[in-house]
1. Report yes if S130 is in contact with a Gly (Cβ under 8 Å, 6 or more places away or on another chain) and buried (at least 22 other Cβ atoms within 10 Å of the Cβ), otherwise no.
2. Looking only at residues that are of a type outside the set (A, V, I, L, M) and open to solvent by 30 Å² or more (accessible area, probe 1.4 Å) in segment 106-117, which one is nearest to the chain's Cα centre (by Cα)?
3. Do we have any residue at all in segment 249-264 that's among the polar types (S, T, N, Q), more than 21 Å from P217 (Cβ to Cβ) and out of contact with any His (no Cβ under 8 Å at 6 or more places or on another chain)?
4. So which of L401, L344 is of a type outside the set (D, E, K, R), at pLDDT 95 or above and open to solvent by less than 30 Å² (accessible area, probe 1.4 Å)?
5. Hey, can you tell me all the residues within segment 252-273 that are more than 18 Å from G168 (Cβ to Cβ) and out of contact with any Ser or Thr (no Cβ under 8 Å at 6 or more places or on another chain)?
6. In segment 298-310, is there at least one residue being crowded, with 18+ Cβ neighbours inside 10 Å, touching a Gly at 6+ places or on another chain (Cβ under 6 Å) and of a type in the set (A, V, I, L, M, F, W, C)?
7. Report, ordered by the first and then the second residue, all pairs with beta carbons closer than 6 Å, sequence separation of six or more or different chains, a first member in segment 518-542 that is farther than 13 Å from Q555 by Cα, and a second member that is open to solvent by 20 Å² or more (accessible area, probe 1.4 Å) and among the hydrophobic types (A, V, I, L, M, F, W, C).
Amino acid sequence: MLLSRHRRPAAHRLTRGASRGVLGRLAAGVAAAVGATVVAATFAPAPPAAAQEAWFQPGSTWTGDFGDPTVVRVGGTYYAYASPVGGRVLPVLSSTDLKNWTVRGRYSTGGGVPGRGNWTAGIPAEILNSPQSDWAKFDNNDALVRHVSWGQRNDQGGWINRDYWAPGVFNIGSTWFAYSPVRVAPSRFCLTVASAPSPQGPFRDISGNGPIQCEDPNVDPGGSIDPMPYRDPATGKNYLLWKASGKINSHPSAIKSVELGNNGFPLPGARVTTLLTTERNSAWEGNTIENPSMVNFRGTTYLFYSGNLSDPLDGAGRSNYASGYAWCPNGPTAPCQRLQSTPLLSSSGSAQGPGGSSGFVDAGGNLKMAYATFRLGENVGGWVPHPRRMSIASLVQSADLRLRVDGAAPAAANPIASKWNSLGGAGGVLGNPTTPVLDTPRRPGSYQHFQGGSVYFSSVTGAHVVKGLIRDRWAAWGWENSSLGFPLNDEIRLRSGAYSLFQDGSIYWSPATGAHVVKGLVRDKWAAQGWENGYLGYPTTDEIKLPGGAFSHFQGGSVYWSPATGTHAVRGAIRSAWAQQGWETGRLGYPTSDEYDSRGGKRTDFQGGSIFWSPGTGTVVTYR
């Protein structure tokens with residue numbers, strides 16, 4: 001959330017300062033933003049004159065300062081809210097096309113004007129009882145009419161007496177709730193909530209005698225700012241997101257969430273979840289992240305946020321403030337994950353510091369992001385310093401669920417997307433993606449899950465499909481982090497089963513045996529016997545480690561290995577007799593030969609003797 005300064009007549013002046021101080025920076029220095037993207041603005045340019053910045057004229061078309069914008073849709077109408085501007089604590093605009101925005105009209109419904117007619121009809125009592133002139137009361141279209149009773153007092157004319165920052169608005173049933181940060185100390189904010197019968201107000205504070213949420217001052221001295229409500233479509237539950245300020249030389253800022261009750265307040269005792277923490281090594285995030293906004297688009301939940309220092313960098317007004325996003329597979333109930341190391345939107349040309357962003361879905365089902373930018377040269381002083389104008393970006397979701405601004409160059413096709421497309425895309429065996437493309441956590445590579453399986457990629461092995469029970473068995477072993485490593489081929493169907501090869505082993509499946517791991521010299525011996533088509537058939541166990549070796553059981557026998565004896569197959573009555581002797585831990589020890597013909601029967605040699613079988617004698621154990 002950026003700071004703004006608004007020049008107005010004394011009765012309407014609202015000053016928020018020129019620097020965010022502790023809340024805007026957690027350490028000295030500014031990191032340069034990288035990966036600048038196209039700023040896709042659909043908001044009309046503001047006129048050069050500063051007259052419109054002077055006050056929030058009811059019913060006028062607004063193209064001026066509107067920082068930290070939040071957009072909500074009700075049917076075909078959009079409502080936009082912003083940080084205080086034009087003498088209004090909670091300014092509201094409305095639009096039906098996301099291009100032309102109209103300032104909220106007057107409350108007065110009597111048809112008169114001050115000095116003539118019933119001009120007071122419809123105006124909230126809080127406005128009528130305020131120490132303003134009649135004309136100021138008549139023109140007052142602030143959506144927030146009852147302010148907090150707590151916090152640091154800062155009288156600014158006859159209407160505003162507290163410092164508010166970036167709001168977040170939504171409805172629970174027929175009641176609308178507006179959440180805002182309120183200054184409680186020079187460098188500390190806490191959160192409040194107001195309710196209203198409609199998205200345009202009038203909102204009245206319902207917090208009572210204190211904040212509804214505030215970070216522990218010993219942990220996060222700057223408190224809490226940038227509240228944003230969210231309804232999780234997966235559960236129907238409501239949540240509040242906000243920025244926790246962090247603490248210099250201790251821990252960075254973070255974005256948190258908590259479940260809300262139907263009264264708009266955090267549920268008593270509800271668990272607070274940290275969704276995202278400032279990435280210290282991120283060039284574009286700098287030293288802080290803020291302005292959270294969550295949206296579910298086509299079944300995928302995204303967290304939008306802003307990062308870096310909001311102040312201008314130089315005399316020209318350049319800014320490293322930028323907007324990014326993360327993927328939240330569990331919505332607001334578990335940590336989110338970044339999908340790229342560069343911002344979604346950063347300064348470009350005359351549009352500087354795109355931030356205070358919030359995502360929403362328009363009436364056509366398209367993903368949009370509202371944000372505010374400075375104009376190069378305007379945010380360094382003058383009659384109207386620091387104007388932030390709202391823009392609406394259209395976002396494109398790629399097949400790997402990553403986002404880009406419409407008009408920005410698409411990312412180069414990745415091997416996973418190429419594999420998915422080669423198999424028919426969403427209409428193929430894999431179906432739609434259920435996760436974005438993600439980096440594998442330890443070994444270098446990437447992966448993406450789909451409805452019908454997964455694709456794993458490494459530069460050594462390429463991109464390959466793993467699915468079904470074979471994937472489940474690989475997952476049980478630890479995915480690519482296990483001794484199996486990455487897959488070497490797509491799953492291959494067999495006459496009576498299927499298999500996948502991995503860097504250090506194979507997984508074979510059949511309806512009769514399930515999916516099992518075969519690897520190393522045990523697999524080599526099985527291969528020499530004809531794989532699943534040989535007398536051993538499919539594996540019935542994974543390879544099992546022993547104190548002095550390893551083994552795998554198969555439908556038609558077993559393969560045992562030890563460093564001293566090598567790898568040998570044992571089967572039939574001879575294996576049964578060996579089992580009765582205690583397998584490799586018995587007197588016979590490990591096998592030293594495969595089964596071979598002997599005196600009209602079969603024989604297998606062991607470290608401690610042999611087992612002979614014939615139809616006439618049955619099994620005969622001989623010890624050395």
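The values are calculated or read from the model by the stated rules, or taken from the named source; none is laboratory data. Everything numeric in this text was worked out from a predicted model, so none of it was measured. Ideal geometry is used to build each Cβ from the backbone, glycine not excepted, and the neighbour counts take in all protein chains shown. For accessibility, only protein heavy atoms count, side chains too; no ligands or nucleic acids. Shrake-Rupley method; radii C 1.70, N 1.55, O 1.52, S 1.80 Å.
1. Working: in contact with a Gly (Cβ under 8 Å, 6 or more places away or on another chain): yes; buried (at least 22 other Cβ atoms within 10 Å of the Cβ): no.
No.
2. Of all residues in segment 106-117, those of a type outside the set (A, V, I, L, M) come to 106-112, 114-117.
With the extra rule that they be open to solvent by 30 Å² or more (accessible area, probe 1.4 Å), the set shrinks to 106, 109-111, 115-117.
Values: R106: 40, T109: 45, G110: 49, G111: 50, G115: 55, R116: 56, G117: 55 Å.
Applying the filter and picking the extreme gives R106.
3. Kept after step one, since they are among the polar types (S, T, N, Q), are these residues of segment 249-264: 249-250, 253, 257, 262-263.
With the extra rule that they be more than 21 Å from P217 (Cβ to Cβ), the set shrinks to 262-263.
Retained after the next criterion (residues that are out of contact with any His (no Cβ under 8 Å at 6 or more places or on another chain)): 262-263.
Yes, segment 249-264 contains at least one residue that is among the polar types (S, T, N, Q), more than 21 Å from P217 (Cβ to Cβ) and out of contact with any His (no Cβ under 8 Å at 6 or more places or on another chain).
4. On the way: L401 fails: at pLDDT 95 or above.
After ruling out the rest, the residue left standing is L344.
5. To start, the set of residues in segment 252-273 that are more than 18 Å from G168 (Cβ to Cβ) comprises 252, 268-269, 271.
The answer is P268, G269, R271.
6. Within segment 298-310, one or more residues are crowded, with 18+ Cβ neighbours inside 10 Å, touching a Gly at 6+ places or on another chain (Cβ under 6 Å) and of a type in the set (A, V, I, L, M, F, W, C).
7. L521/W561; V522/W561
Okay, residues lined up against (1) buried (at least 17 other Cβ atoms within 10 Å of the Cβ); (2) farther than 19 Å from T300 by Cα; (3) among the small types (G, A, S); (4) in contact (Cβ under 8 Å) with a residue 12 or more places away in the chain:
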| site | (1), (2), (3), (4) |
| --- | --- |
| D362 | no, no, no, yes |
| Y371 | yes, yes, no, yes |
| R389 | yes, yes, no, yes |
| S394 | no, no, yes, yes |
